[in-house]
Structures are given as C-alpha cells and as structure tokens.
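Trainee: My structure is below; once you've seen it, I'll send some questions.
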Amino acid sequence: MQISSSLKHDVWHDLTESGSYEWWYFDALDESQDCSFVAIWYSGFPFSPYYLQQYFKAQRSGRSHSANPLEHVAFSFNFYEHGREVINFIKEGDAPLFSASRNEPYARFERNEFRFDESCQTYVLSLDFEMPSRHKKVRAKLYFKVRPLQGNKQLSRYSSSMHIHSWVLASPSNDVSGEIEIHDGDQWRTLRFKGRGYHDHNYGRAPMNADIKHWYWGRAHSNDLDLVYYITTYKHAQQEPFSFLLLTQGDRVINVANNLKTLEHEQGKNLFSPSYGKRFSLINSRIVFHIEHLKALDAGPFYLRFNSKFSLMREDGSSVEMTGISESLHPQSLNSSVVRHLIKSKIWREGKRSMMYTLYNFFAQLVDFGTKKIGPVVAQTIAEK
C-alpha cells in the first residue's frame, strides 16, 4: 500500500488498466443532531457487479483491455439519522456521466460534484440527485474546511513494499458545515449540518478482489483529536499484512505507526454479510489500540459500516477514548457470482433494468412507510408516560 498525504495527489489519475479503480471518499458526523453522511465519487467502480462481470469475461477470453473503468463510473450517498439509514443511493453509468481533473481535486457525476477552493483551503460538495424508486430527492451544499498537517510528507515512508494499491490521506480532519435538503414523499426538510469530517482517496491498477482478503478502516474525532486506522490482509502468504495508525491534534501528528500486530478477540456475523472482527486490537511496543464495533449502519454481502468505539493507550500512559465510523470489507467475496447478483439490489445502473434493484427498493419503501407511521405513535406514547 502506497501512502500519500499531499493534495497534489488528490487528482484524477485516469487509470485505464482492466479492473483498475479510483474513488474519492468524504464523510462527516454531526453529534449534536446524531446524524452523519458518506459521499463517494468513483472512476472505475470496484464493487460494481457489472464491472466485475466484464473483468472476469476479459480474463477468460484473454483480452486485457475489455473491462474499461470509464464504462463504470459511479456516485454514492448515504445519510444516517439516529442510527437509522435514511438515504442509500448508488448510481453507476458510462463515461458521459463523469468528469474529473488531472490537475486539481475535482470530480463530477451528473449534478453531483466536489472541488477544492485553494483560496480558503476548503472542499466544496454540491449534490443534486433523485431516487425515483423511493420517491426521494436530495440537494446539498457542504463545506469541508481542511485542517492541514505539519510534516505530512513524512507519512509516505510508512508505505508497504506493494504499490499496486494507493491511499491518499488527503484531509483526515475537517470542520464541516452546510445544508442538506431531503424531499421525501410530498415535503422538503432542511438540515443545517455542523460537525467534523474526513476525506481520503484510493486508487489501484488491479481489482481489489484479485489480491486483498480483508480490509478494515476507521476514523474518529474527539475534541481536538483525530484518529485514522487502516488494516489490509492479502490472499497470498508472501504478502505481509499492512497496518497503519495516525493520531493528530490540530495540525500536529501525535502518533503514527505501521506494522502493528493485529489481534481479533471476537468474531461477528450478520445474516447476509461476511464474518468480521467484532472486537480487535492493534499493538506494538508504543501503542495499544482497541476497536469495538457497536452498531451496523449499513450491511452488504461483502462489506459492513459501523458506529464504533476506539480506545488508544500510548507509551506515556495516557489514554484516548473516541467514537467514530469504521468499515469492514471482504473484496474476495466479489469473486462469487451469487454475491455479485445480490449487490445489484443496491445499484441503479444507467440503462439497465434490474429485478433485484426493483424488489429491494420496493421493500425498503415499505419499511420507510412503516417507520413514518410508527415513529409518531412511539413519540406520543413516550410523551403520555
């Protein structure tokens, strides 16, 4: 894993290799309103069953360039409120839906874009999309004010020897503000968002499922502290696991470490999701770091997203307790045709009709309707008590 934290690497790399991928990831948490969101732009959507189908077809036929990443661009947006998923939007399509810059941080998918305003050191996200299958619309303007790190160029020396996959830790700490408008049924509601956020960028010249076995990642904020961890294990024994942990305070790096020993204390398993470490630790001579996954915000046949609790004990005896967002991915599960078929239930592919997508959103809409009906009744019951 090649690590970089320079904004000059947060540009589009325009990868053309069959199965290559690239994405820009933003998330933020508003603790006062108990809500959070995740927005991702993709050039070469690595989790697309349609892209993977083309890749495997190319592998069988020996044609190395028939799985074109630009035929599988995408945008996703998830919004969570009070521990419940309110918006789960993923749309994929061909090259005309997407544009990006090789010279500055910028990407667009349809009417959804982000750009970096260098004059005020801020990422500006402008979102505007519809979910016809759920009768929902979203509009948003969000500002990620960057907290630059001192000595960030030194982070590259913590890279592993394998450089097929790259991680640009562009802006691990941001002050986030803005508005999110959600149209649900027949009314708009506006949420004024104010919280802390995170942004990074990943890309690779080969499919993740070709050599990555398991991928844990997470981040948390607490007062003026920010923490990021990253663990990757590989399918092939000759490739050593990659681990990384970064703790910052304001613009200073407090702790940074790699090659930590990973210990899993308890395995978890959801009905339609892969097994994962419910509690695990990262340890070296200077740091003891514990993670506990508290609640699944989102789940699929190859990944899970959690609210998690983090605990860090440093060599000076001080400890830090934090909560944040973490993810568990099993890219090798994507090799299964059954898993790829299940994933179609959450992806709106431009120009493709999918019975899985139609059925999933039909039942999800019923759940939404039930929640709206039950919510007021529960609130009234609590008030009466």
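The values are calculated or read from the model by the stated rules, or taken from the named source; none is laboratory data. Everything numeric here is computed off the predicted structure, so don't read it as measured data. So basically every Cβ, Gly included, is an ideal-geometry build from the backbone, and we count neighbours across all protein chains shown. Only protein heavy atoms, including side chains, enter the accessible area calculation; ligands, DNA and RNA are left aside. Shrake-Rupley method; radii C 1.70, N 1.55, O 1.52, S 1.80 Å.
Trainee: Heavy-atom accessible area per residue, the chain, 1.4 Å probe: how many Å²? Working shown, then result.
Mentor: Details: 17450 Å² over 385 residues.
Counting only protein heavy atoms, the per-residue value for the chain is 45 Å².
Trainee: With only Lys, Arg, Asp and Glu charged, each at its Cβ (+1 for the first two, -1 for the last two), find how big the charge dipole of the chain is about the Cα centre; round to the nearest 20 debye.
Mentor: Working: 46 positive and 42 negative charges, 177 e Å.
The calculation lands at about 860 debye.
Trainee: Let me ask something additional. Tell me, what % of the accessible area of region 291-336 is carbon and sulfur with a 1.4 angstrom probe? Walk me through the numbers on the way to the answer.
Mentor: Values: 780 of 1680 Å².
So the carbon and sulfur contribution to the accessible surface is 46 percent.
Trainee: Which value, in Å² rounded to 10, gives the accessible area of residue 208 with a 1.4 Å probe and all protein chains present?
Mentor: 0
Trainee: Shape call for region 81-137 from the C-alpha gyration tensor, a ≥ b ≥ c root eigenvalues: rounded (a/c under 1.5), prolate (a/b greater than b/c) or oblate?
Mentor: Details: a/c = 3.01, a/b = 1.45, b/c = 2.07.
Oblate, because a/c is 1.5 or more while a/b does not exceed b/c.
Trainee: Which of the aspartates and glutamates could be linked to residue 309 by a straight reach, that is with a Cα gap under 12 Å, when you skip same-chain ones fewer than 8 residues away?
Mentor: Here the aspartates and glutamates satisfying the reach criterion relative to residue 309 are 292, 321.
Trainee: Rounded to the nearest 0.05, what FRET efficiency do residue 356 and residue 314 have when you use their Cβ-Cβ distance and R0 = 41 Å? If you can, show how the numbers build up before the last one.
Mentor: Values: r = 47 Å, r/R0 = 1.15.
So the FRET efficiency works out to roughly 0.30.
Trainee: Going toward the positive end of the dipole of the chain, with +1 on Lys and Arg Cβ and -1 on Asp and Glu Cβ, which of 209, 326, 99 do you reach last?
Mentor: Farthest towards the positive end: 209.
Trainee: Mind checking which of 155, 66, 259 is farthest towards the positive end of the chain's charge dipole, using Cβ charges of +1 (Lys, Arg) and -1 (Asp, Glu) about the Cα centre?
Mentor: 66
Trainee: Based on Cβ point charges of +1 for Lys and Arg and -1 for Asp and Glu, what charge dipole magnitude is obtained for region 209-308 about its Cα centre, in debye rounded to the nearest 20? Walk me through the numbers on the way to the answer.
Mentor: Values: 11 positive and 9 negative charges, 44 e Å.
Computed charge dipole of region 209-308: roughly 200 debye.
Trainee: Fully extended, how many nm does the chain gain between residue 224 and residue 286 (0.36 nm per residue separation, minus their Cα-Cα distance)? Please list the in-between numbers first.
Mentor: Working: separation 62, 0.36 × 62 = 22.32 nm, distance 2.16 nm.
Value of the extension gain: 20.2 nm.
Trainee: Note the direction-averaged projected area, equal to a quarter of the hull surface, for the Cα convex hull of the chain, in nm². Don't skip to the answer; put the middle values down first.
Mentor: Details: hull surface 81.0 nm².
Averaged projected hull area, Cα only: 20.2 nm².
Trainee: Please build a GNM for the chain, connecting alpha carbons under 10 Å apart, and tell me which residue among 183, 221, 236 fluctuates the most.
Mentor: Residue with maximal mean-square fluctuation among 183, 221, 236: 236.
Trainee: May I ask you to compute the full-extension gain from residue 154 to residue 323, defined as 0.36 nm times their residue separation minus their alpha-carbon distance, rounded to one decimal in nm?
Mentor: Numbers: separation 169, 0.36 × 169 = 60.84 nm, distance 2.68 nm.
Length gained between residue 154 and residue 323: 58.2 nm.
Trainee: Rounded to the nearest percent, how much of the accessible area of region 3-128 (1.4 Å probe, protein heavy atoms only) is carbon and sulfur? It would help to have the intermediate numbers written out before the result.
Mentor: Working: 2180 of 4760 Å².
After summing per-atom areas, the C and S share lands at 46 percent.
Trainee: Ok, one more. Subtract the Cα-Cα distance of residue 367 and residue 189 from 0.36 nm times their separation in residues, and report this length gain in nm to one decimal.
Mentor: Working: separation 178, 0.36 × 178 = 64.08 nm, distance 1.96 nm.
Working it through step by step, the gained length comes to 62.1 nm.
Trainee: Can you work out the PRE-style zone for residue 31? Point 7 Å along Cα to Cβ, and I want the residues of region 185-200 with backbone N under 20 Å.
Mentor: Residues 192-199 qualify, since their backbone N sits under 20 Å from the label point.
Trainee: Right, here's the next one. Considering all alpha-carbon pairs of region 154-259, what whole percent are spaced by more than 24 angstrom?
Mentor: Working: 2230 of 5565 pairs.
Within region 154-259, distances greater than 24 Å cover 40 percent of Cα pairs.
Trainee: So how exposed is residue 235, as accessible area in Å² (1.4 Å probe, rounded to 10)?
Mentor: Using a 1.4 Å probe on the heavy atoms, I get roughly 80 Å².
Trainee: Still on this model: Dividing the convex hull volume of the alpha carbon atoms of region 1-68 by its residue count, what do you get in Å³ per residue? Could you put the intermediate results ahead of the total?
Mentor: Working: hull volume 8.5 nm³, N = 68.
In region 1-68, the Cα convex hull volume per residue is 126 Å³.
Trainee: GNM, the chain, Cα, under 10 Å: largest mean-square fluctuation among 255, 174, 223?
Mentor: Of 255, 174, 223, the most mobile in the Gaussian network model is 223.
Trainee: Place the peptides 287-298, 15-26 in order of packing, highest mean first, counting for every residue the other Cβ atoms within 10 Å and averaging per peptide. Don't skip to the answer; put the middle values down first.
Mentor: Working: 287-298: 17.8, 15-26: 21.0.
Per-residue Cβ counts within 10 Å, averaged per peptide and sorted highest first, yield 15-26, 287-298.
Trainee: Would you calculate the separation in nanometres between label points at residue 128 and residue 251, each defined as 7 Å from the Cα along the Cα-to-beta-carbon direction?
Mentor: Here the modelled spin labels are 3.5 nm apart.
Trainee: Highest mean first, what order results for 302-308, 339-345, 79-85 on Cβ atoms within 10 Å?
Mentor: Working: 302-308: 21.3, 339-345: 19.0, 79-85: 15.9.
Listed from highest to lowest mean packing, they are 302-308, 339-345, 79-85.
Trainee: Moving to a separate point now. Based on the Cβ-Cβ distance of residue 137 and residue 57, what FRET efficiency does E = 1/(1 + (r/R0)^6) give at R0 = 25 Å, to the nearest 0.05? Could the numbers behind the result be given before it?
Mentor: Working: r = 36 Å, r/R0 = 1.43.
The value I calculate is 0.10.
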